Amino acid sequence: MIEPKTFYRKLDALLRKIGKEKSGKKFLSSIMAEVESSFGEDLRITNGRLYQEQTSAFALIAPLEKSKLKQEPKLALDSEAVQRVLQNGSYIFDDPALGADFGIEGQREYTIPAAFTVVRNPDRRWLFVFELKSGWAREEIEFCMNAVRSALNYRLFSDAIKNDLQQAATIQQSLLPSSAPPVRGYEVAGRSQPAELVGGDLYDYIPFDDEMFGVAIGDASGHGLPAALLVRDVVTGLRMGLEKEMKMVETLKKLNRVIHRSTYSSRFVSLFYGEIESNGNIIYANAGHPAPLLVHGERVVELKASGIIIGALPEISLHRGYAFFEPGAVLVLYSDGIFERQGRDGQQFSIARLKELAIQHQAKSAQEILETIFNAVYEYGEGANWEDDATVVVVKKALPEKSANAGT
C-alpha cells in the first residue's frame, strides 16, 4: 500500500499535467503512460492499453509496450466487459472469466483487468485498460482511476467547447466587415473588440451605389456564444431586409418580430442603422442604441434613439431621424463597452470624454480617429482586459477639393 502523502503528491502532479499538457493525437496515450510510470510499482498497475470507439467496437490504438500476452485489437461494443465499463465509468473485473475480453485470461501470473472510459462527446469515447498484479488495493485503484477519468473528461470537454467557440469566432468574424468599402466623398473605419472569444457587438456597411451607403452598429444582450448567435441573426436579417429594398423602419420592425419569436424574452439587441447620401443627408433609425455623435468643430449632434431596443416586445414603435453631414464633419458610432470602461477610481470613461476626444482629433483621418479612441479607452482602463465588448465606427466626410485655378 502506497504512503498517502506520496500518493496524493503523485496524483496531484498527474492531474496538473492533464490540465496543462498540450492536447493532440498522442495526448491520451501520454497520460496512459504517465499513469503506469507514476503508479505502476506502488499500485501494482501494468500493461496499459488505449482503445478508441470505432462504429461497433473499440479499436486498440496505443499499447504501452509490446506484450507476449494476447492483445485484442478490437473490443466488441456490446461485450459484457465493455458495457460494464461504459455503464459505471470505471470498473475492476474481479471475475476472471471477464478477463478473456481483454486478452489476459489463462496467464500464469495473477492479473485482472481494470478499465475506465473518457468521453469527448457521444461519438468520441475511449477506453483505458490496465492490468492489476497481485497486491493491488481496491480503494487506491478506484480513487486513482476516477480522479484521472474526471480530469480527462473535463479537459476533453473544455477542449471541445474551446474549439466550438473558435469556430463560432471565425463565423462571427466572417459576418463583420473585413474592411471599409470605398465610398465617394467619405472615409470609413470600424473595429470591434470582443470581451470573450466571441462577442455580442456588431457593425456593418451596406453599399448601395455612388450616391448612398448604409452603416449599422448594434449590441446584443449578454456575452459569449448566446450573444454571438443573436448577432448572427441580426446581421443576416438586416442584410436580407435591405437587399429586398424594404424601408429601414419596416426592416427593423420585421427584424424585431423575428428576434422576439426566435429567442428568449430576455434576449434583445440595440441597433442603429443610418443611410448617408453623397450630399450629406443622413436618414437613420435608432432602436435603443447609444446615440452616435456627429461632430463638426465644437458642435456635437447626438443621433438619439427613435424607438426601443429590438426583441424585447413583439411590436415596437420606431421612426426615422434626420441629420446633415457637413464637409469635414465626423460621425462616431460606438457601443457601451467604450464609454462604460472603468478606470482605477471606478469612474467610467463616459460619453463626455468620448465627445472631447472626437472634437480634439476630428482633423485626423477616420482610421486615425478610430485608433485614437481605442487607445485612449484601453489606457483609461490601465491595460486591464476588456470587461465588455467594445465597438467603434468612424465616418468622416471629406472637405471639398480646392480648385486648381483658385486664387489665380
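Since every read-out is calculated from the coordinates, none of them should be taken as a lab result. Note that the structure is a prediction, hence the values are computed from the model and not measured. Cβ placement follows ideal geometry from the backbone for every residue including glycine, while neighbour counts extend to all protein chains displayed.
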How much of the pair distance distribution for the stretch 290-408 lies past 18 Å, counting alpha-carbon pairs only, in percent? 58
In what sequence do Trp126, Trp386 fall when counting other Cβ within 10 Å, fewest first? Trp386, Trp126
Residue-averaged 222 nm ellipticity for the chain, from DSSP H runs of 4+ at -39500 (n - 2.57), nearest 500: -12000 deg cm²/dmol
For a bin width of 5 Å, list the pair-distance distribution of the stretch 188-248 built from all Cα-Cα distances, rounded to whole %. 4, 17, 26, 21, 16, 10, 5, 1
Please sort by residue number the GluC sites (Glu not before Pro) in the stretch 173-277 whose DSSP state is loop and whose Cβ has at most 12 other Cβ atoms within 10 Å. Glu211, Glu245
I need the per residue convex hull volume for the stretch 178-281, using only the alpha carbons, in cubic angstrom as a whole number. 98
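Whole-Å semi-axes of the stretch 314-361's equivalent ellipsoid, largest first, each the root of 5 times a Cα gyration tensor eigenvalue?
Those come to 26, 21, 6 Å.
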Based on the alpha carbons, how large is the Rg to Rh ratio for the stretch 357-404 when Rh follows Kirkwood? 1.14
In the stretch 1-42, trypsin sites (Lys or Arg not before Pro) in a DSSP loop with at most 16 other beta-carbon atoms within 10 Å: Lys22, Lys25, Lys26
Over the Cα atoms of the stretch 176-397, each weighted equally, I'd like the Debye log10 I(q)/I(0) at q = 0.07, 0.08, 0.15, 0.16 Å⁻¹, rounded to two decimals. -0.20, -0.26, -0.95, -1.09
Rounded to whole angstroms and listed largest first, the alpha-carbon spread of the stretch 217-344 along its three principal axes comes to 47, 44, 21
Expected sort for Phe374, Phe272 with the fewest Cβ neighbours (10 Å cutoff) up front is Phe374, Phe272
Value of relative contact order over the chain, rounded to a whole percent, pairs C-alpha under 8 Å and six or more apart: 12
Suppose every K and R has +1 on its Cβ and every D and E has -1 on its Cβ; what is the size of the dipole of the chain about the Cα centre, in Debye to the nearest 20? 440
So what are the ³J(HN,Hα) numbers for the stretch 187-192, from phi and the Karplus equation (6.51, -1.76, 1.60; θ = phi - 60°), rounded to whole Hz, Gly and Pro as x? 10, 9, 8, x, 7, 10
Determine how many Å³ per residue the convex hull of the Cα atoms of the stretch 160-223 encloses. 79
Can you flag which of Lys304/Lys355; Lys364/Lys397; Lys22/Lys162; Lys5/Lys26; Lys254/Lys304 are past 18 Å Cα-Cα? Lys5/Lys26; Lys254/Lys304
From zero up to wherever the largest Cα-Cα distance of the chain sits, split into 10 Å bins and tell me the percent of pairs in each. 4, 19, 21, 13, 11, 13, 11, 6, 2, 0, 0, 0
Please order Asp389, Asp42, Asp94 by the number of other Cβ within 10 Å, starting at the fewest. Asp94, Asp42, Asp389
